[in-house]
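Data block below; observations after.
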Amino acid sequence: MKTLQARLIALAVILGGASAAPPTLAQTAVSPAVNNWAELRAALASCWKVPVDTEGSQIAFRFGLNKTGGMRGPPLVTSRQLKGDQEARKRFEDAAFEALSRCFPMRITPAFGAILGESPIRLRLVNTPPTAAYQINNNITIFAPR
């Protein structure tokens, strides 16, 4: 039950429903506004804290962003391959949702916002050794740092 409550709170923050929430990493004054796909990838990577003992796990999301950098509804999990014991699998999935909560809404430029408003994002968070990945515009794979 606590996990469900935590996810609902995180989702409210993602969707902008919690006005008293502290600014996200991507919203802070020291963070410049994101202006292209490479900067979006870097911002997403900076939000993800990979839990220990979750090697081999991955999760994929699909979501939309509006022109001001907020999510257009909840993220959809399109696939998951979670490794380890039950606790490790839970830590990995929770860390993925927390990364989205930390990152969004995100400061973006008006020009890039116009592009984001038309592009569903496909994000994979992967805790495997880096391999060649399909990294074109809205198809984003973030590998765990090694």
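The values are calculated or read from the model by the stated rules, or taken from the named source; none is laboratory data. Since this is a predicted model, take the numbers as computed values, not measurements. Only protein heavy atoms, including side chains, enter the accessible area calculation; ligands, DNA and RNA are left aside. Shrake-Rupley method; radii C 1.70, N 1.55, O 1.52, S 1.80 Å.
Under 13 Å from the Cα of K67, which aspartates and glutamates turn up, not counting those fewer than eight places away in the same chain? Cα-Cα hits under 13 Å: E118. Computed on the Cα atoms alone, the convex hull of segment 62-138 gives a volume of 104 cubic angstrom per residue. Using a 1.4 Å probe on the protein chains only, how many percent of the accessible area of segment 59-125 belongs to carbon and sulfur? Within segment 59-125, the accessible surface is 51 percent carbon and sulfur.
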